[in-house]
Amino acid sequence: MAEKTANAMWGGRFASGPDAIMEAINASIGFDQRLAAQDIAGSRAHAAMLAAVGILTDSDAQAIREGLLTVLSEIEAGRFQFSTALEDIHMNVESRLGELIGEPAKRLHTARSRNDQVAVDFRLWVRDQCDAADGALAALQRALLGQAEAGADWVMPGFTHLQSAQPVTWGHHMMAYVEMLNRDRGRFADARRRMNESPLGAAALAGTSFPIDRAMTARELGFDRPMANSLDAVSDRDFALEFLGAASICAMHLSRLAEELVIWSTAQFRFVRLSDRFSTGSSIMPQKRNPDAAELVRAKTGRVFGASVALLTIMKGLPLAYSKDMQEDKEQVFDAADSLMLALAATTGMMEDLQASPERMRAAAGAGFATATDLADWLVRAKGMPFREAHHVTGALVAKAEAKGGDLPDLSLPEMQEIHGGITEDVFAVLGVDNSVRSRISYGGTSPVRVREQIARWTELLG
Ligand code: ARG
């Protein structure tokens with residue numbers, strides 16, 4: 001059997017080519033072709049800089065920069081033949097450039113290495129994902145804001161331990177997610193700011209003897225500055241880990257909302273109805289409307305967490321600087337980013353279409369003695385009772401109502417007075433769910449007045 005010939009890019013010292021299994025484990029082109037646009041942008045900046053400092057002639061740099069655009073258009077048009085023998089996106093692009101422009105292509109790799117090349121490509125890609133996540137999060141915030149506006153004063157049960165706790169408003173519940181998602185945006189923005197330094201020019205690990213201008217390539221690629229340590233520049237992947245950290249927390253938030261949608265859309269709750277566009281049927285049970293999108297948002301969270309743990313584990317044992325282990329970073333981050341973006345889009349779609357039922361939520365809001373705290377607060381406010389005592393008296397009233405098989409407002413005044421003689425007729429006003437939510441006017445509270453203030457603030461902020 002004929003031996004494969006040695007690699008054209010680095011095979012000078014090799015007599016034969018790699019084993020097929022070696023090629024299979026080594027090649028990354030199957031996935032890192034997603035970095036093509038970033039790779040070409042990095043190479044174009046590098047070529048311009050090499051010419052500016054006199055390492056390349058202007059005509060060679062010109063040929064390289066134009067040739068790279070041709071390669072990009074071939075890739076974008078799906079006309080590019082990716083080759084596993086050429087291992088990765090960097091060598092695939094460079095090799096094709098050579099076919100297109102000849103000798104100048106061989107000068108492009110002066111004063112750089114695939115180690116700084118992949119570091120710059122991946123940073124640019126992850127940076128784009130931070131921007132995409134920010135846009136998608138803003139869109140979801142707007143959808144939630146729309147829900148909050150429609151139902152700023154719709155009363156619903158508020159839960160702790162998933163047990164009825166106190167009535168809240170639908171608007172308040174929706175706005176809680178607007179706040180959470182804004183912290184997610186902040187985390188992506190922080191990560192972006194920290195990652196926005198250029199590794200290009202670190203070369204293999206030690207820098208280069210050529211008189212390169214790293215500030216120039218950094219500027220051209222939109223980085224704030226070059227990274228200050230070449231070893232760090234080629235071996236750092238904490239920018240990707242920060243992205244995965246922000247993505248994990250964000251996915252966790254989406255998963256909680258998804259879980260609520262699953263619960264709220266059950267026949268037992270019926271607080272919400274997902275639109276036909278975001279529901280599925282069952283092939284055997286004709287009555288079913290399944291919240292598959294919400295379930296999958298919940299499940300995709302696992303993939304995002306998994307990517308984060310995988311990359312932390314890949315990195316934890318690596319000595320400085322580059323090791324091939326780091327090639328395994330990309331599929332994890334690609335999958336996490338794809339999963340997150342899809343989850344964000346699905347959640348936005350569900351929330352834009354969602355029909356909440358004010359009647360169903362209101363009917364459930366008073367159940368489970370949800371206004372017991374209001375009763376205790378009333379005993380404090382109207383009767384001057386210490387809160388601990390009021391808590392105790394209210395507990396006895398709850399027990400009495402429960403024994404009767406009813407709720408607090410079902411007790412008559414004389415029944416209440418058997419527990420505490422000082423209770424008067426006006427107690428009934430605080431037992432209603434509307435009064436309950438209206439009374440919670442503390443800053444950040446669920447009162448429709450406060451909720452509308454927050455909606456106004458966010459409407460302004462989200463534009
Ligand atoms: N495909 C490689 C990666 O993703 C590019 C860097 C290769 N560097 C090397 N020294 N073999 O990490």
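The values are calculated or read from the model by the stated rules, or taken from the named source; none is laboratory data. Since this is a predicted model, take the numbers as computed values, not measurements. Note that we place each Cβ from the backbone using ideal geometry, even for glycine, and neighbour counts take in every protein chain shown. Surface accessibility is based on the protein's heavy atoms, side chains included, excluding ligands, DNA and RNA. Shrake-Rupley method; radii C 1.70, N 1.55, O 1.52, S 1.80 Å.
With n ≥ 4 as the cut-off for DSSP H runs, can you work out [θ] at 222 nm for the chain, using -39500 (n - 2.57) per run divided by the number of residues, rounded to the nearest 500?
That comes out to -20000 deg cm²/dmol.
Spin-label point model (7 Å from Cα, Cβ direction): what's the Asp131 to His161 distance in nm?
4.9 nm
Select from region 411-463 those GluC sites (Glu not before Pro) which occupy a DSSP coil region and have at most 14 other Cβ atoms within 10 Å, ordered by residue number.
Here the GluC sites (Glu not before Pro) that fit, given the DSSP loop and packing criteria, are Glu425.
I'd like to know which of Ala215, Gly422, Met351 lies farthest towards the positive end of the charge dipole of the chain, counting +1 on Cβ of Lys and Arg and -1 on Cβ of Asp and Glu.
Projecting each Cα onto the dipole axis, the largest value belongs to Gly422.
Please work out whether region 249-407 counts as rounded, prolate or oblate from its C-alpha gyration tensor, where a ≥ b ≥ c are the square roots of the eigenvalues and a/c under 1.5 means rounded, while otherwise a/b larger than b/c means prolate and anything else oblate?
Note, shape of region 249-407 comes out oblate.
Non-local amide H neighbours of Met156 (under 5 Å, H modeled in plane, Pro and chain starts lacking H): which ones?
Val168, Thr169, Trp170
Can you pull the Kirkwood radius for the chain, inverse mean 1/r over Cα pairs, to one decimal in Å?
26.4 Å
Counting other Cβ atoms within 10 Å, which chymotrypsin sites (Phe, Trp or Tyr not before Pro) in region 1-48 have at most 12 and lie in a DSSP loop?
Answer by residue number: Trp10, Phe14.
Accessible area of region 165-226 with a 1.4 Å probe: how many percent of it is carbon plus sulfur?
Within region 165-226, the accessible surface is 51 percent carbon and sulfur.
Kindly report the accessible area of the chain per residue (heavy atoms of protein chains, probe 1.4 Å, no ligands, DNA or RNA), in Å².
For the chain, the solvent-accessible area averages 47 Å² per residue.
I'd like the trypsin sites (Lys or Arg not before Pro) in region 371-463 restricted to DSSP loop residues with at most 14 other Cβ atoms within 10 Å, sorted by number.
Lys404
Modelled label-to-label distance, Val380 and Thr84, 7 Å Cα→beta-carbon offset: nm?
The answer from the label model is 7.0 nm.
Lys/Arg Cβ at +1, Asp/Glu Cβ at -1, dipole of the chain taken about the Cα centre: which of Phe387, Trp125, Val53 is farthest positive-ward?
Phe387
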